[in-house]
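Okay, structure first, notes after.
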Amino acid sequence: MTRSRKHPALIVAGNLMYTYRWVLATYWLVFIVIYVGIGFILRMNGTAGGDIDGQSIWEGAGSSPKIFLMVVGIMMTPLSLASFVANGITRRHFIGGVMLVIAIFAIVSSILLTVGYPIERAVYEMNGWPLALKNPHLFETTRQYGWIFVESFLLFFAYFGSGWLIGSGFYRFHWRVAIVLSALALLPAMAMEVVLYSDWMGQLLQTAFEADRAPMPLALSLSVIVAALTAALNYLMLRHVAIKKKLI
Amino acid sequence: MFDDRSPIYQQIADQIKEDVVSGVLREDEQVMSTNQYASFYRINPATAAKGFQLLTDEGILYKKRGIGMFVSAEARQTLLAQRRERFFEEVVDRMLAEAAKIGVPIEEIIGRIEQAKGREDV
Amino acid sequence: MTLGIEVNGLRLDYGKFAALRDVSFKLQGGKIYGLLGRNGSGKTSLLSILASFRKHTGGSVAIGGEAPFENARIVEQVCFIQESGHMTDGVKVRDALKLAASCWPNWDDDYADKLIRLFNLPVKKRVMALSRGMKSALGVTLGLASRAPVTIFDEAYLGMDAPSRYAFYEELLNDYMENPRTFILSTHLIEEVGSLFEEVLVLDEGKLLFHEETEALRSRGAAITGPAEAVDRIAEGLTVLGEQKLGRTKSVTVFGALTEEKRKAAQSEGLEFGPVSLQDLFVHLTKKRGDKQ
């Protein structure tokens, strides 16, 4: 009577993606509409003036998905761990499943972000506006799709991972302890920013720490370390955690 | 259907015995399976099985493998013999004790019995 | 396919508070077991440990011969239902069923559909929006349809109205007879459910008081009623659980085997013997000093 079934981590991943499918879709829809809307309004009214002129608006877009994915990450453990354990899944497999989901969500979001660039360029060229990037990135022009994808994937992964650590902290510890741990949990995301120097935040951190933008091999090894650390720390926090009825 | 007076399996056994004595269950007739019993009375099947085991041990029921439990041929006689044995102690002696308690003289009891005997003879 | 459960010297501490102390028992498996105990006796703690919701502090647990905590092979065979379970906020009944269906190796979709119809579960509604009775109905549906070799219901049917509860008992029995598994039900409604249990375990203040066949436990209690002096004479040397007096008549609840001679002696003195229901026995055995007599 026992049917052969998928590996438990895959079951977890599948269910989580099914649960969050509308959340993700709605977010991206709203996000695109807002950015496109803002862009057009600014263009049409010419209100912003010289500063916006010639700038890529989509470039600034990267901030929002990072925060959004972090929020989704925060919700992961408190919202879902209990229901999986209650359905006969080990905490270990829950962690494996979430890692998979983080990777997939990061990939999908990166693809969407990357695709935005050529579209923006097409619109700009159509109207004869010049296009330039404001912040330093891994990529110099908006044509380097590979680099755009890699950079955004690494950042999204790190932010999602940081959020997940925060959420697990709140599930495992008393909320006062968890708040303090949250600050530490942000380190992976911030480290990625520094290394990739991708945004105003990265710039801020770079100036604060007087660091130089790191070369690609370092960025990649750091991201592997961040991923492994995220999984390991979550495992340490959750491996013996008691499943209770309350959320926090 | 069951109370706390005695263990449930005992009550099940007693009920089947009563049915055999009164003729509701005839010899070689099949009784409900333990599962049917359990389902009907909402009790654990093991309890029903225990009651059946009691009856099997006493020779009231026998089992046909793969089919079910049946009333044995000697069941009714065995039960009647048992009840006859206990009749004087359980029924008659008790009646006499009650009569003494409430002050009914034995002569009146004998008189009544003879009346009944008279009717029977007629 | 039955899994045995063996617990030895089990301990669970919440900081300084010992919720379970030195609990040991062995369950053969494949039976319907009852877990009785007052609020705070440690029932939920014990069941949480069996289901790997919590880790024990001391002693050992083995299900199917293996330690269950974080053991994928074992936990996928143990289903623990507390009311409606631990659902993610905002999920619909349909989604909760879908999740369970994908997780339990022995899940039976057809049986689940049958139970949904039986309890009239509104599949499109959010779990949070269900009435307490409906949440309980969802819980028992999940537990029964999981066909997990060890299925535990922690007072999961308390919120249901009487007709639904009886429907549940019926379903439980019928499925148990067709597809035997280990069922453990913790309950307060002892009289209602008592006849379903083959064996009962009684917990009190974290300790295991009894583990016996239901009938054996039930028959150990007796109520002796009659003139006070006679009752006292007979009750000499027996474990007295409680007594009640009305005028010159006294009723005493005793626990333990009554010898034939004691029984005959009592009857000759005109004392009445009565049975004690499992519920009353339980109340007496777990009486605390602060309780009303």
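The values are calculated or read from the model by the stated rules, or taken from the named source; none is laboratory data. Quick caveat: nothing in here was measured; it's all calculated off a predicted structure. Heads up, the Cβs are rebuilt from the backbone with ideal geometry, glycines too, and the neighbour counts pull from every protein chain shown. Ligands, DNA and RNA are excluded from the accessible area calculation, which covers all protein heavy atoms including side chains. Shrake-Rupley method; radii C 1.70, N 1.55, O 1.52, S 1.80 Å.
For the pairs A:Lys6/C:Lys114; C:Lys43/C:Lys288; B:Lys50/C:Lys43, note any where the Cα-Cα span goes beyond 24 Å. Don't skip to the end; give the middle numbers.
Working: A:Lys6/C:Lys114 26 Å; C:Lys43/C:Lys288 17 Å; B:Lys50/C:Lys43 29 Å.
Beyond 24 Å between Cα atoms: A:Lys6/C:Lys114; B:Lys50/C:Lys43.
At a Cα cut-off below 20 Å, give the lysines reachable from C:Lys262, other chains included and same-chain residues fewer than 8 away excluded.
C:Lys262 reaches C:Lys250.
Would you please classify the overall shape of the range B:76-121 from the alpha carbon gyration tensor, given that a ≥ b ≥ c denote the square roots of the eigenvalues, rounded means a/c under 1.5, and beyond that prolate means a/b larger than b/c while oblate covers the rest?
Working: a/c = 4.78, a/b = 1.36, b/c = 3.53.
Cα axes put the range B:76-121 in the oblate bin.
At 7 Å along the Cα-to-beta-carbon direction for both A:Arg21 and C:Arg126, put a label point, then send me their distance in nm to one decimal.
Taking the two extended label points, one gets 2.0 nm.
Quick check for you: with a 1.4 Å probe and neighbouring chains kept, what is the accessible area per residue of the protein assembly as shown, in Å²?
49
Looking at the square roots a ≥ b ≥ c of the eigenvalues of the Cα gyration tensor of the protein assembly as shown, which shape do they give, rounded for a/c under 1.5, prolate if a/b is larger than b/c, or oblate?
prolate
Stretched out fully, how many nm does the piece from C:Lys288 to C:Glu170 gain, at 0.36 nm a residue minus the Cα gap?
39.0 nm
Whenever you get a sec, compute what percent of the accessible area on the range B:8-73 sits on carbon and sulfur atoms (1.4 Å probe).
Answer for the range B:8-73 is 49 percent, counting heavy atoms of protein chains only.
Please give the helix B:75-86 orientation as an angle from the longest Cα principal axis of chain B, in degrees from 0 to 90, rounded to the nearest 10.
Taking the Cα atoms of chain B, the angle to B:75-86 is about 40 degrees.
Express in whole angstrom the spacing between the alpha-carbon centres of the range A:2-33 and the range C:244-291.
62
When only DSSP loop residues count, what trypsin sites (Lys or Arg not before Pro) in the range C:97-134 have their Cβ near at most 10 other Cβ atoms within 10 Å?
C:Lys124
Using Cα atoms only, what is the angle between the long axis of helix C:109-119 and the major principal axis of chain C, expressed in degrees (0 to 90) to the nearest 10?
Roughly 60 degrees between the two axes.
Distance in nm between label sites at C:Glu191 and B:Ile110, each 7 Å beyond Cα in the beta-carbon direction?
Label-label distance for C:Glu191 and B:Ile110, simple model: 4.9 nm.
With θ taken as phi - 60° and the coefficients 6.51, -1.76 and 1.60, list the Karplus ³J(HN,Hα) couplings across the range A:118-129 in order, rounded to whole Hz; mark glycine and proline as x.
Using θ = phi - 60°, the values come out as x, 5, 4, 4, 4, 5, 4, 4, 4, 9, x, 8 Hz.
Taking both sides together, what accessible area is buried at the A/C interface, probe 1.4 Å, expressed in Å² and rounded to the nearest 100?
Buried area between the two chains comes out at roughly 2700 Å².
Output the relative contact order of the range C:5-217, whole-number percent, from Cα pairs under 8 angstrom with separation of 6+ residues.
Taking the mean separation of contacting Cα pairs over the length of the range C:5-217, I get 29 percent.
Take A:Met70, B:Met95 and sort them by solvent-accessible surface of the protein heavy atoms, 1.4 Å probe, largest at the top.
B:Met95, A:Met70
Whats the longest run of chain C with zero GluC sites (Glu not before Pro) that are DSSP loop and have at most 16 other Cβ atoms within 10 Å?
C:71-204
Using only alpha carbon pairs under 8 Å that are at least six residues apart, calculate the relative contact order of the range C:220-285 and give it in whole percent.
43
List the aspartates and glutamates whose Cα lies under 13 Å from the Cα of A:Lys66, skipping any in the same chain that are fewer than 8 positions away.
In chain and number order, the partners are A:Glu151, A:Glu193, A:Asp199.
For the range C:5-217, what % of the accessible area comes from carbon and sulfur atoms, probe 1.4 Å?
47
Can you list the residues of the range C:203-246 with backbone N under 18 Å from a point 7 Å past the Cα of C:Glu261, pointing along Cα to Cβ?
It comes to C:233-239, nothing else.
What number, in nm² with one decimal, is the all-direction average of the projected area of the convex hull of the alpha-carbon atoms of the range C:5-217? If you can, show how the numbers build up before the last one.
Values: hull surface 45.1 nm².
Value for the range C:5-217: 11.3 nm².
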